[in-house]
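Visitor: Mind looking over this structure? Questions follow.
The values are calculated or read from the model by the stated rules, or taken from the named source; none is laboratory data. Just so you know, these numbers come straight off a predicted model, no measurement behind them. In this analysis, Cβ positions are derived from the backbone assuming ideal geometry, glycine residues included, and neighbour counts consider all displayed protein chains. These area figures cover heavy atoms from the full protein model, side chains too; ligands, DNA and RNA do not enter into them. Shrake-Rupley method; radii C 1.70, N 1.55, O 1.52, S 1.80 Å.
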Amino acid sequence: MSLEFQTIKLENDGPVWWLSVHRPEALNALNSQVLSEMGEALRMVGELPFESARVLVITGSGEKSFVAGADIKEIAALSEDEAVGFAHRGQNAFHELNLMKIPVIAAVNGFALGGGCELALACDFIVAAENAKFGLPEVSLGLIPGFGGTVRLSRAVGARRARELIYTGDMIPAAEAHRLGLVNHVVPAAELRPAVKALAEKILGRAPAAVGMAKKSINRTWDMDIEEGQRFEAESFAELFATQDVREGTAAFIEKRKAQFKGE
Ligand code: CO8
C-alpha cells in the first residue's frame, strides 16, 4: 500500500511502515506542509490494527540528508504568534510518535540538524548511517530548538552534554553521537535499510500488545518517582494478562516451541 503525499512518502513492507521526508530541493527541511502531511500519515498508521502496522520507520529521502531542520526560509518571516503556532505544530506531530502504540525507529541517513535532530530524538531509538551528522545549530540562527530539542536531548545524553551541543550548535558525526548514547547503532550507509529492517523483524516476532505496553510504560513513567512509576508498571503488566498472547507466549515456552502471537 502506498498513499500519495507531496512532501513525504509513506509506504509499507507488510506491517512495517516507512515514512520518508521528501523535499530533495531543501535537504528534506520541515515546512508547514511536511508537518501537516506527517501528522495525517501518523494518524492513519496509528489507527491501523496491529496486524497491519507493527513498526514505523522515519527516514529522509535521498542519501545526503535525513532532515536538515525546520525550513529556515519559512521561519525567517514568522511573527512571535506565528512562531508559537509553528513550534506547537512540530511539537504535536513529534509527540504523536511517542503516543503511538507501535515502536518508531529513526533511520538517520545524513544530516539530522535542528528540527531533524529533534525528529530523530522523538523516535523510540535511532539507527544511523556512518555519514549521518547530528546537531542543534539553532543558536547560530538566533533561535533555540523549538520542536522539543531542549527537552529531549538532555534526557537522551544528559544535561551537560546537551548544554554543550546546544550552546555551541556543533555538528557531530554518527560515531560521536553513538558514543554519547544518542544513537543505538551506526552502520555503513548501504546497510542502513537492511539493518533497520532486521531490527523491525525482530520486534515483529514479539507480542504486539506487550511491545506497545512496554513503550507506554517507558514513556509514561519517565517523570514519575520510583513508587508511582512501579505502580503504573504493575498495572500495565497486569493488563496484559487479559490478552491471549500472554497465554500463548508462556505456553510456547513451556512446550518448547515458537510462540504464534495474534495481537489479542
Ligand atoms: N531550511 C531551508 N532550506 C534548507 C535547509 C533548511 N533547514 N537546509 C538546507 N536547505 C537548502 C539550501 O538552502 C539549499 O537550497 P538552494 O540550493 O536553493 O540554495 C539546499 O537545501 C542544499 O543545501 P546546501 O547547498 O546548503 O548544502 P550543503 O551540502 O552545502 O550544506 C548543510 C548542507 C550543512 C545541512 C546546510 O544546508 C545547512 O547548514 N542547513 C541548515 C541547517 C540548520 O541550520 N538547521 C536548523 C534549522 S532551524 C530549526 O530546525 C529550528 C527547529 C525549531 C523550529 C521552531 C519554529 C518556531
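Visitor: Take the conditions open to solvent by 90 Å² or more (accessible area, probe 1.4 Å) and β-branched (Val, Ile, Thr) and apply them to ILE218. Does it pass?
Guide: Yes: the conditions hold for ILE218.
Visitor: Within the range 179-194, is even one residue of a type in the set (Lys, Arg) and buried (at least 16 other Cβ atoms within 10 Å of the Cβ)?
Guide: There is at least one residue in the range 179-194 that is of a type in the set (Lys, Arg) and buried (at least 16 other Cβ atoms within 10 Å of the Cβ).
Visitor: Note down all Cβ pairs under 8 Å where the first residue falls in the range 106-127 and is open to solvent by 10 Å² or more (accessible area, probe 1.4 Å) and within 12 Å of the ligand (Cβ to nearest atom), the second is at pLDDT 95 or above and assigned to a helix (DSSP H, G or I), and they're at least six residues apart or on different chains.
Guide: Correct list of pairs: LEU113/PRO137; LEU121/GLY149; LEU121/ARG152; LEU121/LEU153; LEU121/ALA156.
Visitor: Just one of the numbered conditions (1) buried (at least 19 other Cβ atoms within 10 Å of the Cβ); (2) near the ligand (Cβ under 9 Å from one of its atoms) is not true of ALA83; which one?
Guide: (1)
Visitor: Of everything in the range 16-49 that's away from the ligand (no atom under 16 Å from the Cβ), surrounded by 20 or more Cβ atoms within 10 Å (Cβ to Cβ) and free of Cβ contacts under 8 Å to residues at least 40 places away in the same chain, which residue is nearest to GLY85 (Cα to Cα)?
Guide: Among those that are away from the ligand (no atom under 16 Å from the Cβ), surrounded by 20 or more Cβ atoms within 10 Å (Cβ to Cβ) and free of Cβ contacts under 8 Å to residues at least 40 places away in the same chain, it is GLU37.
Visitor: Something else now. Working only within the range 139-161, note down all residues that are open to solvent by 20 Å² or more (accessible area, probe 1.4 Å) and either near the ligand (Cβ under 7 Å from one of its atoms) or in contact (Cβ under 8 Å) with a residue 40 or more places away in the chain (or both).
Guide: SER140, LEU141, LEU143, GLY146, ARG155
Visitor: May I pose another question? Looking at (1) within 11 Å of the ligand (Cβ to nearest atom); (2) open to solvent by 20 Å² or more (accessible area, probe 1.4 Å); (3) not charged (D, E, K, R), which is the one condition that is false for SER52?
Guide: Among (1) within 11 Å of the ligand (Cβ to nearest atom); (2) open to solvent by 20 Å² or more (accessible area, probe 1.4 Å); (3) not charged (D, E, K, R), SER52 violates only (1).
Visitor: Residue check, VAL186 against (1) assigned by TED's automatic domain parsing to the domain that holds GLY110; (2) free of Cβ contacts under 8 Å to residues at least 12 places away in the same chain, all met but one. Which one?
Guide: That leaves (2) as the condition not met.
Visitor: While we're on this one: It is to be established whether one or more residues within the range 43-65 are under 16 Å from the mean Cα position of the chain (by Cα) and within 20 Å of GLY142 (Cα to Cα).
Guide: Taking every residue of the range 43-65 in turn, none turns out to be under 16 Å from the mean Cα position of the chain (by Cα) and within 20 Å of GLY142 (Cα to Cα).
Visitor: Restrict the check to the range 239-246 and report whether at least one residue is among the hydroxyl-bearing types (Ser, Thr, Tyr) and more than 19 Å from LEU56 (Cα to Cα).
Guide: Yes, the conditions are met somewhere in the range 239-246.
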